[in-house]
Amino acid sequence: MKDDEPAFLGFACQGNLDEEAAYTICRMIETVAWQIRADWDWDSLTPGKRNYGSLINISLLKVAWRLLAQKGQLNLQTTNDDIKRISTIAPLVGLRGLRSLVLQNNLVVDLQPLSGMSRLKHLNCYRNRVADIGPLGHLRHLEKVELGQNPLTSMSVLEQLPDLRDLSISTDQVGGLIQCKRLRCA
């Protein structure tokens, strides 16, 4: 990897890239692929596919990464139960310019890869498997957070978000919100 290439490319090129990370990378490419090729039609991202890593074309990935890095928003929401859901967001590391990220209806557990996204204002991780939202404490500019339908263990980190104006949770999470004594209400 060259010094001017993002760490993401090294991550994508590693020989032992697991299938979950490879699938997330493919979904990321898919969000900008129409800007790269007008005839884009990637039918390869179907359930049961076993080797998503083989779909990653490094030259295509470099172009896609430049486009992704310029975007202020990224939507990786799964809207159809027939589509495989992403379980890791590790490939998103380095997308520091994102202001809006939608991860709704996936299988994401770990939000740590988001901790460097200091410009993020809106995060939708409704209906995932997130228990620990501690990494959100680094995202001081978050204004809107959607956390419903996640098995959260604590919401106290929300008290560290000075710009938080809009919080969406599910009824089963109200008890955790009550524990937040210093959470500002706008």
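Above 22 angstrom, tally the Cα pairs of segment 7-178 and express them as a % of all pairs, no decimals. Cα-Cα pairs of segment 7-178 separated by over 22 Å account for 44 percent. Computed from the C-beta positions of SER59 and ASP18, the FRET efficiency with R₀ = 25 Å rounds to 0.65.
Taken together, the values in this text are just the output of simple stated rules run on the coordinates, not laboratory data. All of these numbers come straight from a predicted model, not from anything done at the bench. Note: ideal-geometry Cβ built from the backbone for every residue, glycine included; neighbour counts use all protein chains shown.
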